[in-house]
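Working notes, beginning with the structure itself.
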Amino acid sequence: MTEPVAVHPLFSPWGRFGLYSFFIDAPEPAIVDTGIASSPAEGMVPALEAIGRRNEDVRWILLTHGHIDHLGGAHALWELTGRRARVVIHEADAPMLRSRRAHVDEYLAGRGQYLHDPDGEAKLSAATQAVISGEMEPDVLVRGGETLSLGGNVTVSVHSIPGHTPGSVAYVIDGQNDVFVGDAVQVHGAANGFPGFVDPARYRSSLQYLSDEIRPRRLYLGHPYRRADGTPYGVELDAGQAREALRESLELEARVKDAACGCLAAGLQDTDSAYSPSARVAEDLGYQGDPTLEPSPFFTTLHGYRTALDPTTHDEEISTHE
Ligand SMILES: [Zn+2]
């Protein structure tokens, strides 16, 4: 049995996005996810002060995955703890913590192929400089299956839930089943209004695993993800809302898959559409969001289906009709 521990959301804004970290008020306090470079000083320190806690007492920095808006603040927060907190990340996403360049390479290998932005690489490179507070080696590499002791009787178990990224993990406070998933439960997406995942099959099986095996008592999300009607969930879902969000995420993945498979079967077509070469998918799904806005989940996700269904072509250029 573990003693009940309190969880406090810590908010910091970033453009169109609300970034959320979570403070686990354990004997060895933990913060799940770190926002961007400015988030620890601007969002976390004042929020911790307001609840009578100090950043220098934080002993664990638990990263749910390798995206810049979750690990960008890790180095800065680690500094604010007097370099005493242990930084935890899945080994598959650890390159994103070690290297800013890894984010640019990921862009070029995936969504960048569809955005046709001649300045895309330079823009992303500049963003990684501004938003990632420092490159660093994690203290603890996980693969799922580990248990971390946060002092006293408080333990957190680590579960591999890949799909949104290869190294996405859930952290579960044992005994009270509070579950932190970062961006692994996308529902209808956040500010871009489209769910983002690099590996559709694993995204689906991770949702199924959360739904059937973990069964969260509370589910903590990395952003206020949206329902079908566009209204956002909060970032702190009770058991009923968690079941609903997981079911909706599974339902939407099935619809996106149908549309993506139909589009791939018909052949990708390079057109003037902003959704090219997958305009048919946007049409089938009624998606009207701007697919070029970073982080461009539309192209990330469709590239994932394309890679899964036709692995021989994923590195090739899309044919043009010029
Ligand atoms: Zn993410």
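The values are calculated or read from the model by the stated rules, or taken from the named source; none is laboratory data. Remember, predicted model here, so these are calculated numbers, not experimental data. Cβ sites come from the backbone with ideal geometry, for glycine too, and all protein chains shown count toward neighbours.
Of note:
- Conditions (1) touching a residue at least 40 places away in the same chain (Cβ under 8 Å); (2) touching a Gly at 6+ places or on another chain (Cβ under 7 Å); number of the one not met by Ala228: (2)
- Any hit, the range 189-197, residues being in contact with a Phe, Trp or Tyr (Cβ under 9 Å, 6 or more places away or on another chain), closer than 27 Å to Phe298 by Cβ, within 16 Å of the ligand (Cβ to nearest atom) and aromatic (Phe, Trp, Tyr): yes
- Filtered residues of the range 261-310 (kept if more than 10 Å from Phe194 (Cβ to Cβ), assigned to a helix (DSSP H, G or I) and aromatic (Phe, Trp, Tyr)): Tyr305
- Flag if Arg204 is basic (Lys, Arg) and either surrounded by fewer than 16 Cβ atoms within 10 Å (Cβ to Cβ) or within 16 Å of the ligand (Cβ to nearest atom) (or both): no
- Members of the range 113-125 that are within 14 Å of Pro291 (Cα to Cα) and free of Cβ contacts under 8 Å to residues at least 12 places away in the same chain: His116
- Within the range 31-90, the set of residues being over 19 Å from Pro162 (Cα atoms) and within 16 Å of the ligand (Cβ to nearest atom) comprises Thr34, Gly35, Ile36, Ser39, Gly72, Gly73, Ala74.
- Those strands (runs of 3 or more DSSP E) lying entirely in the range 111-188 with at least 2 residues crowded, with 20+ Cβ neighbours inside 10 Å and within 16 Å of the ligand (Cβ to nearest atom): 169-173, 178-182
- Under the condition of being crowded, with 21+ Cβ neighbours inside 10 Å and at pLDDT 95 or above, the residues counted in the range 226-247 number 4.
- Every pair of residues 6+ apart whose Cβ atoms lie under 8 Å, when the first sits in the range 73-96 and is among the hydroxyl-bearing types (Ser, Thr, Tyr) while the second is assigned to a loop (DSSP other than H, G, I, E, B): Thr81/Val58; Thr81/Arg59
- Yes/no for Leu264 being farther than 21 Å from Gly110 by Cβ, buried (at least 19 other Cβ atoms within 10 Å of the Cβ) and either of a type in the set (Asp, Glu) or in contact with a Leu (Cβ under 9 Å, 6 or more places away or on another chain) (or both): no
- A search for C-beta distances below 6 Å between a residue of the range 195-219 that is farther than 17 Å from Thr64 by Cβ and any residue that is charged (D, E, K, R), counting only pairs 6+ apart in sequence or on different chains, returns Arg204/Glu253.
- Pairs meeting the criteria (first residue in the range 152-177 and farther than 23 Å from Leu250 by Cβ, second residue of a type in the set (Ser, Thr, Tyr) and surrounded by 21 or more Cβ atoms within 10 Å (Cβ to Cβ), beta carbons under 6 Å, at least 6 apart or on different chains) are Val156/Tyr171.
- Selection status of Gly193, in contact with a helix residue (DSSP H, G or I) (Cβ under 6 Å, 6 or more places away or on another chain) and at pLDDT below 95: no
- Within the span defined as the range 102-109, one or more residues are within 21 Å of Asp183 (Cβ to Cβ), of a type in the set (Ser, Thr, Tyr) and touching a helix residue (DSSP H, G or I) at 6+ places or on another chain (Cβ under 8 Å).
- Answer residue from the range 15-49, given it is free of Cβ contacts under 8 Å to residues at least 60 places away in the same chain and of a type in the set (A, V, I, L, M, F, W, C) and is nearest to Met96 (Cα to Cα) among those: Ile31
- Residue that is nearest to the chain's Cα centre (by Cα) [pool: residues in the range 189-235 that are among the polar types (S, T, N, Q) and in a loop (DSSP other than H, G, I, E, B)]: Asn192
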